[in-house]
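Chemist: Okay, handing you the structure first.
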Amino acid sequence: MAERGRLGELDSLRGIASMSVVIYHSASLLGIMAALPWLYHTPLQILLAGHQAVIFFFLLSGFVLSLPFTEGQSRGYGNFIGRRLIRLYPPYIVSLALGLVLRLLFYRVPINDLWSRPIGWGPIMQHVVMIDQFHQQYFNPVIWSLVMEMRIALIFPFIIWLVMRTNWIWSFLIGLALSIWGIYMHVRYQDSIDFFTNYYDTAHYAFMFIVGAIIAKHRHRLVDSFKRLWIAARIVLSIIAFIVYTWGNNVGWDHWGLKGNLVSDWFTMLTSSFFIIAAIGSIRFKAILHWRPIAFVGRVSYSLYLVHLIVLLVLMNLFTNPSSLLYPDDYDKYYISTYWLLGGTVVISLALAALSYQFVEKPSMRLGRYLMGGRKARPNYQGELSAQQKGS
């Protein structure tokens, strides 16, 4: 069972998405994807849908953060920002410190420019305060999405004001216009900006938060519509959503280049919206998502996302054969199988994520409730009262 105050089925969806990021990064850097190209043509490709998972995170954040507002429980700007900062920042800063320490201890081989740039006070301060369009590959390369989350958190009260006071079509069109502008500017200035932390992508990803807020506002109507569908219709829509989510950003966009990759995020966002509604509206799907192993991964998903690439880089540095870098045809690249490295990354990352959840996330959540006025009851997805859900 889900803990009181948690929205278990959506936590579980987040956990599944986080695990796909772990497997995607591991399989990519270890060369497993290149060695097994047939995976792209099987349903197992969803396990490698790392970028799609990040789009899902943004959409789900917009959804969850909007729920109190849709129930008339508005917060002041300072209260909202304070809660969001306390929820996201302590695990983030711990992961940065972990990445810095482990890089100093274990870095010895270049891996796709990760951990290879010289450490200085400039990059450290950029990471700590999350300012500027900085290169994120010094300590923990996955933190770019947290930079986006915090930037959009600063404007999210204005997003929810827009969504709550306008027709959903207007909100959607405004979000679409922001995304189109962000895509255009990113493509135009791509040679002079950081690929991941630029401000233009912030406008693009704000669209996902806006759509998440729209879904939260109209969730009861959307869930009712889903429940009225015939079983056959639900199955067909689920298959279509699975196909588009899994392969939508890989098929048909190559000739568009960067622009195509960014536009494909729209389709990932729409299919992710379907998964959220299905998780709320389908009893069978919800039961699967509340299965204990999946629920566990959901609970620790934020920390899992933060620690996994650090773990992978440590293992790759420990088990890479340096001779293979000089004589690639004469030596095996790793001392052990890449599949053992992938499995080790998953297991160790889950263990560290559980520790981080217990000793970093939970204390920070308690601190947030204490500093921002305590816990307040609010309706859950079905309109019943539940305790204040943790931030996404």
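Chemist: Give the long-range amide H neighbours of Tyr334: residues separated by 5 or more places, or on another chain, with amide H under 5 Å away, using H modelled in the peptide plane at 1.01 Å from N.
Modeler: Asn321
Chemist: Does anything in segment 53-84 have its amide N under 13 Å from the 7 Å Cα→Cβ label point of Leu371, and if so which residues?
Modeler: Under cut-off, by backbone N: 78-84.
Chemist: Averaging sequence separations of C-alpha pairs under 8 Å and six or more residues apart, then dividing by the length of segment 1-67, give the relative contact order as a whole percent.
Modeler: On the way: 38 pairs, mean separation 26.2, N = 67.
Reported as a whole number, the value is 39 percent.
Chemist: Just need the relative contact order of the chain here, percent rounded to a whole number, with Cα pairs under 8 Å and 6+ apart.
Modeler: Values: 498 pairs, mean separation 121.0, N = 392.
Dividing the mean separation by the residue count of the chain yields 31 percent.
Chemist: In addition: With springs connecting C-alpha atoms under 10 Å apart, model the chain as a Gaussian network and identify which of Ile310, Ile169, Ile159 has the largest mean-square fluctuation.
Modeler: Ile169
Chemist: A further question on this structure: Using R₀ = 22 Å, calculate the FRET efficiency as 1/(1 + (r/R₀)^6) where r is the Cβ-Cβ separation of Arg108 and Phe195; round to 0.05. Intermediate values should be presented prior to the final figure.
Modeler: Numbers: r = 26 Å, r/R0 = 1.18.
That gives a FRET efficiency of 0.25.
Chemist: Another one. What full-extension length gain, to one decimal in nm, is calculated for Ile155 and Ala97 as 0.36 nm per residue of separation minus the Cα-Cα distance?
Modeler: Numbers: separation 58, 0.36 × 58 = 20.88 nm, distance 2.77 nm.
Length gained between Ile155 and Ala97: 18.1 nm.
Chemist: Rounded to the nearest 0.05, what FRET efficiency do Ser324 and Trp38 have when you use their Cβ-Cβ distance and R0 = 22 Å?
Modeler: Numbers: r = 25 Å, r/R0 = 1.15.
E between Ser324 and Trp38, to the nearest 0.05, is 0.30.
Chemist: For every helix of n ≥ 4 consecutive DSSP H residues, a contribution of -39,500 (n - 2.57) applies; sum these over the chain, divide by its total residues, and give [θ] at 222 nm rounded to the nearest 500 deg cm²/dmol.
Modeler: Numbers: 17 runs with 268 residues, N = 392.
Counting only the DSSP helices, I get -22500 deg cm²/dmol.
Chemist: Right, something else. Within the set of other residues whose C-beta is less than 14 Å from the C-beta of Met19, count the net charge using Lys and Arg as +1 and Asp and Glu as -1.
Modeler: Working: positive: Arg14, Arg299; negative: Asp11.
Once all neighbours under 14 Å are counted, the net charge is +1.
Chemist: Additional query: Apply the a/c threshold of 1.5 to the C-alpha gyration tensor of segment 150-281 and tell me whether it is rounded, prolate or oblate. Provide the component values of the computation, followed by the final result.
Modeler: Numbers: a/c = 2.74, a/b = 1.32, b/c = 2.07.
It comes out oblate by the Cα gyration axes.
Chemist: Then there's this: Assign one of three labels to segment 72-211, namely rounded, prolate or oblate, based on the Cα gyration tensor with a ≥ b ≥ c the square roots of its eigenvalues; rounded applies when a/c is under 1.5, prolate when it is not and a/b is larger than b/c, and oblate otherwise. Walk me through the numbers on the way to the answer.
Modeler: Working: a/c = 3.21, a/b = 1.60, b/c = 2.00.
Here segment 72-211 falls in the oblate category.
Chemist: Expected output is a single nm value to one decimal: the length gained when fully extending between Ile231 and Phe359, i.e. 0.36 nm times separation in residues minus the C-alpha distance. What is it? Don't skip to the end; give the middle numbers.
Modeler: On the way: separation 128, 0.36 × 128 = 46.08 nm, distance 4.33 nm.
Gain in length upon complete extension: 41.8 nm.
Chemist: Please give the contour-minus-distance gain from Tyr89 to Trp291: 0.36 nm per residue of separation, less the Cα-Cα distance, rounded to one decimal in nm. Walk me through the numbers before you get to the answer.
Modeler: Details: separation 202, 0.36 × 202 = 72.72 nm, distance 2.92 nm.
Working it through step by step, the gained length comes to 69.8 nm.
Chemist: Kyte-Doolittle mean at least 1.0 and Cα extent at least 20 Å along the axis: which DSSP H helices of the chain qualify?
Modeler: Numbers: long enough: 8-29 (32 Å, 0.61); 50-70 (30 Å, 1.55); 77-106 (42 Å, 0.97); 144-165 (31 Å, 1.55); 168-188 (30 Å, 1.24); 199-217 (27 Å, 0.88); 231-247 (24 Å, 2.04); 257-281 (37 Å, 1.05); 301-319 (27 Å, 1.97); 338-356 (26 Å, 1.65).
The answer, listed by residue number, is 50-70, 144-165, 168-188, 231-247, 257-281, 301-319, 338-356.
Chemist: Treat each spin label as a single point 7 Å out from the Cα along the C-beta direction, and report the Arg165 to Ile180 distance in nm.
Modeler: Spacing of the two 7 Å Cα→Cβ label points: 2.4 nm.
Any read-out appearing in this document is the output of simple, stated calculations on the displayed coordinates, not a laboratory observation. The structure displayed is predicted, hence computed values, not measured ones. Neighbour counts run over all protein chains shown; Cβ positions are idealised from the backbone, glycine included.
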